[in-house]
1. Run the simple label-point estimate for Ile143 and His22 please: 7 Å along Cα→C-beta, distance reported in nm.
2. Run the simple label-point estimate for Val415 and Glu461 please: 7 Å along Cα→C-beta, distance reported in nm.
3. Which entries of Lys437/Lys488; Lys363/Lys402; Lys270/Lys336; Lys52/Lys176; Lys137/Lys269; Lys137/Lys190 have Cα-Cα distances beyond 22 Å here?
4. Please tell me the relative contact order of the range 174-251 in percent, rounded to the nearest whole number, where contacts are Cα pairs under 8 Å and at least six residues apart.
5. From a point 7 Å beyond the Cα of Glu248 in the direction of its Cβ, which residues of the range 195-229 have a backbone N at a distance under 16 Å?
6. Suppose the chain between Ile310 and Ile376 were pulled fully straight at 0.36 nm per residue; how much longer would it get relative to their current alpha carbon spacing?
7. Among Leu340, Thr354, Asn303, whose Cα projects farthest towards the positive end of the dipole of the range 249-362, with charges put on the beta-carbon of Lys, Arg (+1) and Asp, Glu (-1)?
8. Can you classify the range 163-231 as rounded, prolate or oblate using the Cα gyration tensor, where a ≥ b ≥ c are the square roots of its eigenvalues, rounded means a/c under 1.5, and otherwise it's prolate if a/b beats b/c and oblate if not?
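Read-outs: derived from the displayed coordinates by stated rules, not from any lab. Worth saying up front: this structure is predicted, and the values here are computed from it rather than measured. So basically every Cβ, Gly included, is an ideal-geometry build from the backbone, and we count neighbours across all protein chains shown.
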Amino acid sequence: MFEKKLADTRTRFAPSPTGHIHIGSLRTALFNYLFARQQHGQFILRIEDTDKERSRLEWEYELLKVFEWLGINWDEGPVLSDNQIFDTNYSIKYIGPYAPYRQSERKLIYRKYLEQMLTQGTAYYCFCKKEDVEAEKQYLMSIGEAPVYRGKCRNLTQEQIHNFKKAGQPSVIRFKCPPNRKIIFKDIIKGSVEFNSDILGDFVIAKDLDNPLYNFTVIVDDAEMKISHIIRGDEHLSNTPKQLLLIEALGFEAPQYAHIPLILGPDKKKLSKRDNKTSVKDYQEDGYLPEALINFIAFLGWNPGTEKEIYSLEELIQDFSLEKIQKSGAIFNLEKLDWLNGFYIRKKSLPELTEMLIPYWEKAGFIEEKAADLYIIKATGESIIFNDLIKIAALEQERLKKLSDIIALTDLFFVSELKYEPELLIWKDMSKEELIKSLEISKEILTNIDPADFNKKRLEEELMPVAEKMDNRGNLLWPLRVALTGKKNSAGPFEVAEILGKEKCLLRINQALDLINL
């Protein structure tokens with residue numbers, strides 16, 4: 001029985017920098033962070049970059065920047081300099097007493113422990129050819145037995161090993177797995193878990209002394225860094241018996257394990273790109289706020305046991321519990337994320353929200369900064385000040401699910417001419433003559449309003465009494481709104497007209513009339 005003794009709480013997140021950080025990886029990191037903070041312990045960030053072909057510094061850099069954006073602060077590990085930007089000279093420093101925190105820089109540490117295991121006889125060199133090992137596995141499967149390596153090279157003499165090496169025979173280093181051994185450990189989430197060592201065989205722990213493999217490096221790093229709790233995804237459960245046997249062989253203290261359920265798509269299969277975007281960077285670029293993403297991710301598999309759904313990071317730290325993590329898979333519900341994000345967007349002050357929206361308008365090619373608080377509308381060359389951008393943001397704040405939505409919702413303010421089908425101007429069963437008359441009435445009313453008094457209140461005072469006298473006020477307001485926006489759904493005509501100004505409103509009404517008469 002492998003049990004964890006009491007110790008200071010130290011958790012870790014150890015990603016491989018082989019691509020954008022996945023939503024599932026973020027949840028693992030968040031649960032480790034929340035648990036460490038709640039227990040007044042330490043959260044360690046460690047980089048597992050031993051995959052030389054796929055590991056990239058730019059992915060490592062992105063990971064650190066994403067964590068900074070989310071407010072997930074680590075106590076030990078790699079750190080960036082203030083405002084550091086990735087370039088070819090990119091480098092990372094470390095904080096913490098167990099540096100380096102990048103596996104590629106810890107090879108001498110791994111070599112020491114590999115040599116120890118070879119000396120004590122718990123590991124050995126294997127010179128079997130890959131094709132022979134594979135053929136043996138196929139045979140074992142055909143007779144209904146576990147397809148594991150049976151230890152052909154277990155008892156080679158030193159002379160035989162020397163001769164194989166001298167002949168240049170390729171080799172790996174295998175763990176000498178004890179036969180028919182019950183491996184039992186208590187998982188915080190799953191309860192008691194049991195494996196038999198016979199399903200493992202003598203598994204490979206290193207290609208050679210300079211190239212150890214995952215199950216070996218991870219237990220060495222965890223022991224060296226005094227990690228007390230391993231909180232990770234269900235997919236790692238099958239690695240646990242191997243790691244526990246290696247921990248025992250090296251005389252390390254076993255940590256406590258907690259394996260969290262998979263994140264599932266709407267079809268209840270493992271979340272994939274077919275269901276939703278899976279990288280955190282995608283959600284960041286789409287305009288999901290860090291507080292919304294943290295709130296949402298925390299509820300993927302964890303529930304506080306109350307009706308409360310809105311949690312700040314500080315509140316999550318206070319209420320989080322590993323015991324309240326569910327055993328079954330967590331469904332990724334994009335609608336719930338959109339709802340949460342909209343909630344947090346509405347909590348932003350208008351100046352703050354506008355600052356967040358400006359990069360999206362700039363990326364869409366709508367505006368370009370000219371000076372402090374002054375921008376140029378690229379399609380028309382007109383100037384627009386920050387306060388006018390605030391008014392545009394105010395129109396759509398209630399409707400935004402994510403910041404990038406602002407592009408489609410507000411493009412009408414940044415184009416020289418609207419493009420839409422003339423049928424969109426028709427309210428219900430209006431005839432062409434009624435539509436033209438409606439727009440002419442609006443045009444006449446707007447023409448008679450002084451530009452200095454062209455605001456929402458005055459527009460309502462002039463237009464609403466006229467609209468109320470019609471069979472349906474939509475007969476006046478719908479064509480006007482579509483003429484100004486070119487959209488089926490948008491903010492109201494008075495709010496839009498105030499921002500556009502008198503001249504542009506009259507121009508768009510004339511364009512609508514021209515469109516009808518084509």
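1. 3.7 nm
2. 3.3 nm
3. Numbers: Lys437/Lys488 20 Å; Lys363/Lys402 15 Å; Lys270/Lys336 18 Å; Lys52/Lys176 27 Å; Lys137/Lys269 29 Å; Lys137/Lys190 31 Å.
Cα-Cα > 22 Å for Lys52/Lys176; Lys137/Lys269; Lys137/Lys190; rest within.
4. Relative CO of the range 174-251 lands at 27 percent.
5. Those under the cut-off are 195-203.
6. On the way: separation 66, 0.36 × 66 = 23.76 nm, distance 3.86 nm.
Additional length available on full extension: 19.9 nm.
7. After comparing all options, I get Asn303.
8. Numbers: a/c = 3.98, a/b = 1.63, b/c = 2.44.
Oblate, because a/c is 1.5 or more while a/b does not exceed b/c.
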